[in-house]
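Here is the structure we will look at.
Nothing in this text is a laboratory measurement; each read-out follows from the coordinates by a stated rule. This one's a predicted model, so the numbers in the text were calculated from it and none came from an experiment. For neighbour counting, all protein chains shown are included, and Cβ atoms are generated from backbone atoms with ideal geometry for every residue, glycine included.
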Amino acid sequence: MDFKEAIKSHSNWKMKLKAYIANPDKSIDKDKVSRDNECDLGKWLHTEKTKYHNDPEFAELIEAHASFHKSIRTVVEKAESNQDVSEEIAIGANSPFGRASTEVVRLLMAMERKYQK
């Protein structure tokens, strides 16, 4: 995986959650989804830790990615408990999910600019 693939992989979550809000069918395991090392991006980030261990932006990226997964869990829990979950409140740009997602993409793009030649 490279940074462009990482951004694409990460960005797919919004569509997954949009579908899940419409039909919370238990296809997303809230315990698994809250772990930041279970998705493709998380697995890649955790394997790259030694390569980028001196980069403070990479440390921020790891933190932002973990926060992102916590926000996914919150959306899944609300959808499964039949709370009124509007897309804008749950996954819109100003939601915890939206802010965390934007931060992950921002940091991935910064890392890409720094390391991809």
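Data for the structure
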| item | result |
| --- | --- |
| Kirkwood hydrodynamic radius of the stretch 70-117, Cα pairs, Å | 11.9 Å |
| Spherically averaged projected area of the chain from its Cα convex hull (nm²) | 6.8 nm² |
| Computed helical MRE - 222 nm, the chain, DSSP H runs ≥ 4 contributing -39500 (n - 2.57), nearest 500 | -22500 deg cm²/dmol |
| Rounded tilt (10° steps) of 96-115 against the dominant C-alpha axis of the chain | 20 degrees |
| Least to most buried among Val104, Val33 (fewest other Cβ within 10 Å first) | Val33, Val104 |
| Proximal charge balance of Leu108 [Cβ under 12 Å; K/R count +1, D/E count -1] | -2 |
| Relative contact order (%) - criterion: Cα under 8 Å, at least six apart; region: the chain | 36 percent |
| Local electrostatic count, Ala64, Cβ distance below 12 Å [Lys/Arg +1, Asp/Glu -1] | -2 |
| Local net charge near Val75, Cβ-Cβ under 11 Å (Lys/Arg +1, Asp/Glu -1) | +4 |
| The stretch 65-116 - charge dipole about Cα centre, Lys and Arg +1 at Cβ, Asp and Glu -1, debye rounded to 20 | 380 debye |
